[in-house]
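Comments concern the structure below.
Readers should treat all values here as calculations from the given coordinates under stated rules, not as data from a laboratory. The structure displayed is predicted, hence computed values, not measured ones. Heads up, the Cβs are rebuilt from the backbone with ideal geometry, glycines too, and the neighbour counts pull from every protein chain shown.
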Amino acid sequence: MKYISTRGNIEPIGFKEAVMMGLARDGGLLLPDTIPLISSQTIQQWQGLPFVDLSFEVISLFAPDIPAAALRGIVQRAYATFSHAEVTPLVQKGRVHILELFHGPTLAFKDVALQFLGNVFEYLLKESGRHLNILGATSGDTGSAAIYGVRGKERINIFILHPHKRVSRIQELQMTTVTDANVFNIAIRGTFDDGQAIVKTIFNDLDFKDKYGLGAINSINWARIVAQIVYYIYAALHFKGSKVDFAVPTGNFGDIFAGFMARRMLPAHIRHLVLATNENNLLSRFVTKGEYSLGQVVQTSSPSMDIQVASNFERFLYYLYDEQSGLTREAMERFAQSGRLDFTEDEQRKVRENFLTLTVNQQQTRETIADFYKETGYVLDPHTAVGVKAGLHFVDDAVPMVCLATAHPAKFGEAVLQAIGREPDLPPAVAGLEEKESRCQILDAEVAQIKAFIEENGLQ
Ligand SMILES: *Cc1c(COP(=O)(O)O)cnc(C)c1O
C-alpha cells in the first residue's frame, strides 16, 4: 500500500514517510491508494479480539513498511496508558450504545489517535536518527492530548502555546502539570488566534523550520485517522450478525472520516453514519443542502466542535469526486478564493447515501444531558450529548445505534452542572491536579520571543 495526495501532485510514498510528511507537499491530504476490503474469513478471525490486538491487525494493513514486532510494540505502548482494560468499552444505555473513547490520559477521544502517533514518531525517529521539535497552538483540548502523546519520549521536544488565563483551569493543569524535560508549555499574553498566527509564521520561516526539524501534530496526520478506524471496527464486530449505525459528534471531520473508511472496509457491517454538529453546522448544511460555505464561529457548550473549516473534509471530497485529484484540487482552489463550494444533484445524492445529519443546539444539548441522566443514570459530556441527540433521532429497531462518547463529562463540569444540577465525579486522572507540580513559561504573543525560546530549548 502506498499513499497519494488528494491533489495528485506527489509521487506515491510509504506509510512511514506519510506520517513524517503530515500535510502532503502539494498542499493536499494524504490517503492510501486503495482501501482494503475485509473478507468474511478475516472478520471471523478478528471477532472477539482485544482492542490492542485488533489495532495491530487493522493498522498492519495500512502500514506494511513497519515490521510486525515493532508495530505490536507501538500499539501496546500506546494503549497501556488507558485506564480501562477494554480501552474503548461499549455500554448499553437506554435505546443506544455508548462507545466510551475517553479512558485515555487526558479523558478525550483524541488520546486514541495521539497516543498512537507519539509512539510512531518515537519509533521512526529512532530508526532515522533524526529529531523533532513539535510546535502547536491550542485552545485547550488538543494541546494536552498532544503533550501526553509524546511526554518523556526521546528525540522529541514539544512546544505548546495556549492563551494565558483563557483556557479552563482543568485544561491548563492538564498541560502544565506534565513536567517531563521534553515538554514546554508556553502561555502567551494573547488569544488563541494570536497563538495560531505565531505558529503559522514560524512554520513559514523555512530556514528556521529546517534547522530545528519543526513538526506539527494536527488533525490531518494520516496516523491519527488510521488509529480511529480501529474503534469503529471494534464496535461493529461486537454485534455479530447485525449491521450497526454510528452517531458521531463532528468538528474537523476526522473522526467521522475514519468511520467512512471503516464502512468501506466492512460494508456488510456498518449501515448509517450520523453526522452530528452543534450550531457550527457547516457540515450538516453540506449534507442537507449540498453547499459548503464558511460562516462565523459561534461559541457553544461543546467547544471542541466550534469549527468552521473542517480540515479533513478534503479527504471525503476526493472520494465524492471518484478519486479524481484534478477535480479535488480545483474545488479546493475555488474554495480558497470564494469561501464556498456547491454540488450537483448527483453529488448531493451521493453525500446523502453516506451520511445522515442533525444540528443540535445548546438548549437541546442541555436537555439531552438532563433527560439521558434521568432515564439511564448516565452522565454525558456536551459533545457526546450532541451525538446522542442525533443518534436517538435516527435510531430504529432494525439496527443498534452506537454513539461515540468523545469526552469524559468531568472535562466539561460547568455544562453538566447546568444540565443536571451537580458536577460530575472527578476521575483519578484529574482529581489530584491542583496539588501537582506544574511548569509553564509566560511570554508575550510575539514571534521573536517564541523563536528565541525554541532556540534555547529546542533539540538540534
Ligand atoms: C475534537 C473533538 C471532537 C470533534 O472531532 P473531529 O475529528 O474534529 O470531528 C468531538 N468531541 C471532542 C470532545 C473533541 O475533542
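Brief remarks follow.
- Square roots of five times the Cα gyration tensor eigenvalues for the chain, Å: 31, 27, 24
- Debye-formula intensities of the range 330-460, expressed as log10 I(q)/I(0) at q = 0.15, 0.16 Å⁻¹, are -0.92, -0.93 (one equal scatterer per alpha-carbon, no solvent).
- Sorted peptide list for 122-132, 345-355, criterion being average Cβ within 10 angstrom, highest first: 122-132, 345-355
- Partner lysines for K374 [C-alpha distance under 30 Å; skip if fewer than 8 residues away on the same chain]: K93, K110, K243, K389, K411
- Dipole axis of the range 152-286 (+1 Lys, Arg; -1 Asp, Glu on Cβ), positive-most option in V244, N182, A223: V244
- Cβ charges +1 (Lys, Arg) and -1 (Asp, Glu), total dipole of the chain, debye: 360 debye
- Ellipticity at 222 nm from helices only: DSSP H runs of n ≥ 4 in the chain, each -39500 (n - 2.57), divided by the residue count, give -14000 deg cm²/dmol.
- Cα-based Rg / Dmax (Å) for the range 1-76: 14.2, 41
- Measuring r between the beta carbons of R95 and E456 and using R0 = 60 Å, the FRET efficiency lands at 0.60.
- 3J(HN,Hα) along the range 253-259, derived from phi through the Karplus expression 6.51 cos²θ - 1.76 cosθ + 1.60 where θ = phi - 60°, amounts to 6, x, 5, 6, 5, 4, x Hz, with x in place of Gly and Pro.
- Hull volume in cubic angstrom per residue (convex hull over the Cα atoms of the range 55-103): 85 Å³
- Spin-label pair A181-K165: with each label point 7 Å from Cα along the Cα-Cβ axis, the two points sit 3.4 nm from one another.
- Candidate lysines - alpha carbon under 18 Å from K350, same-chain residues fewer than 8 apart omitted: K289
- Between N133, L107, I66, the Cα set farthest toward the positive side of the dipole of the range 1-140 (charges on each charged residue's Cβ, about the Cα centre) is that of L107.
- Sorting 187-197, 225-235, 32-42, 135-145 by their mean Cβ neighbour count within 10 Å, with the most densely packed peptide first, gives 225-235, 135-145, 187-197, 32-42.
- Here the chain carries DSSP beta bridges of which approximately 30% are antiparallel, counting only pairs with both residues inside.
- Cα gyration tensor category, rounded, prolate or oblate, for the range 63-208 with a/c compared to 1.5: oblate
- Segment Q45-E446, length gained on full extension (0.36 nm per residue, minus Cα span): 138.9 nm
- Look at the dipole of the chain built from charges on Cβ: of L443, F51, F121, the Cα furthest out on the positive end belongs to F51.
- Cα-based Rg / Dmax (Å) for the range 225-272: 10.0, 32
- Where labels lie 7 Å past Cα in the beta-carbon direction, separation of R340 and M1 in nm: 3.8 nm
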